[in-house]
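Structure record follows, encoded as structure tokens.
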Amino acid sequence: MKTLTGFLALAFLSTAHSAELKLPRDGWVSWEVPATENAPAWCCWGPGQTGQAPPTTCRLDHRQGFGIGGGHREATTDTVKVYTHLTAGQVDRLQVLAAACPVETKSPIQALDPVAGDDSARWLMGRITQDGAARRSTGEDAMAALAMHRGDLARDALAKFARHDSHQDIRKSATLWLAMLRGAEGADITSSVMFNDKEAEVRKHAAMAMAQTRSPHAAADLIRQGNIDKVGDVRAQAWFWLAQTGAPDAEQAITAALRKDADDHVREQAIFALSQLPEDRATRALVAAAEDRSLSREQRKRAVFWLAQSESASAQAYLEKVLARATVN
């Protein structure tokens, strides 16, 4: 009897094959589709380019960095273009960019007749469910492109990939792009992966993804994972990502874990997490840990170590006081 994952894979493949796009055997082809709400205007910018300066041209034949840079991080787009390159009928390059992003290729780009967003999504699903080298080559790019597509079909496919796919890399990829690009719905699905995936590596990855969202419950989810996950390394990483969010209650939650978690590794990483808070808060939290005689000597030494790595004036002032006391004694 086939597993649920098997049925889902078959359903994905069947759906994808029902929407074959008429692609050339060789060369570049592109098509334009509606973008998900608040989709980032992915394009190319030069180093340090900020403000209202126009993007640079993306050279699609080269594997360069695409994305948002400098003062353009809040730019959004209503439409995106999917660019794909084929050699002997095989897709070997795939990229999604804002429709207005200027591009350059060595050979002409063939523009397809209007392509429905759902048909494009089905085609991308087929790229993701390929096996072996084909998936490794373009699967991640296809997942990012799928996440940029507007509509329920794309969202539901991402959710199924994140929750049920048998491949760990696909679950991790889908979770990341849901968190990054699909707003509140994506954050909710990411949360479910944090607490329900069977593999620790995926739960850790989901915590990282959650920390990138603007979800109002991101901090609460990270605190919950740090308190209840059965694997120490997952708990430790949850505290790290909580600190990265700068949530107001991060110090209290991390310090509580430092005192009560039974795993030495988690306690050590909790001290490191305190060092990842915004600068002034990190210093205050680490000083408090260094002065807390309910902690072990090793834990207090670790707090001092991370204070020594800080460039903040208050951290250096505290260390000078510690050295002065040691000299007197």
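Neighbour counts of other Cβ atoms within 10 Å put Met125, Met143 in the fewest-to-most order Met125, Met143. Starting from the Cα of Lys260, draw a straight line to each of the lysines and keep only those under 22 Å, dropping any in the same chain fewer than 8 residues away. The qualifying lysines are Lys204, Lys230, Lys301. Roughly how far apart, in whole Å, are the Cα centres of region 261-297 and region 149-165? Using only Cα atoms, the two centres lie 39 Å from each other.
Name the shape class, rounded, prolate or oblate, that the alpha-carbon gyration tensor gives for region 248-329, where a ≥ b ≥ c are the square roots of its eigenvalues, rounded holds for a/c under 1.5, and otherwise prolate holds if a/b is larger than b/c and oblate otherwise. Taking the square roots of the gyration eigenvalues as a ≥ b ≥ c, region 248-329 is oblate. Dividing the mean sequence gap of close Cα pairs (under 8 Å, 6+ apart) by how many residues the chain holds gives a relative contact order of 12 percent. Between Lys301 and Asn196, the FRET efficiency from the beta-carbon distance, with R0 = 25 Å, is close to 0.10.
For every other residue with a beta carbon closer than 11 angstrom to the beta carbon of Thr87, add +1 if it is Lys or Arg and -1 if Asp or Glu, then tell me the sum. So the environment of Thr87 carries a net charge of 0. Summing Lys and Arg as +1 and Asp and Glu as -1 over all other residues whose Cβ lies under 12 Å from the Cβ of Phe195 gives a net charge of +1.
Straight-line cross-link reach from Lys22 at under 25 Å between alpha-carbon atoms covers these lysines, not counting any fewer than eight positions away in the same chain: Lys81, Lys106. Over all other residues within a Cβ to Cβ distance under 11 Å of Gln225, the charged ones net out to +3, with Lys and Arg as +1 and Asp and Glu as -1.
Applying 1/(1 + (r/R0)^6) with R0 = 45 Å to the Cβ-Cβ distance of Asp61 and Asp249 gives a FRET efficiency near 0.40.
Straight Cα distances below 18 angstrom link Lys172 to the aspartates and glutamates Asp131, Glu140, Asp141, Asp156, Glu185, Asp188, Asp197, Glu199, Glu201, Asp221, Asp229, Asp233, with same-chain residues fewer than 8 positions distant left out. The magnitude of the dipole of region 102-187, with charges of +1 and -1 set on the Cβ of Lys/Arg and Asp/Glu and taken from the Cα centre, is near 240 debye. Each Cα pair under 8 Å and six or more residues apart adds its separation to the average, and for region 248-329 the resulting relative contact order is 22 percent.
Shown here: Rg and Dmax of the Cα atoms in Å, derived from the displayed model; of the candidates (i) 19.4, 58; (ii) 21.3, 65; (iii) 23.7, 82, it corresponds to (iii). Name the residue from Ala200, His149, Ala184 whose Cα lies farthest towards the positive end of the charge dipole of region 118-224, charges +1 on Cβ of Lys and Arg and -1 on Cβ of Asp and Glu. In region 118-224, that residue is Ala200.
A short reminder: the numbers here are calculations on the coordinates, not readings from a lab. Because the structure is a prediction, the values reported are computed rather than measured. Quick reminder, even Gly has a Cβ in these numbers, built from the backbone with ideal geometry, and neighbours come from all protein chains shown.
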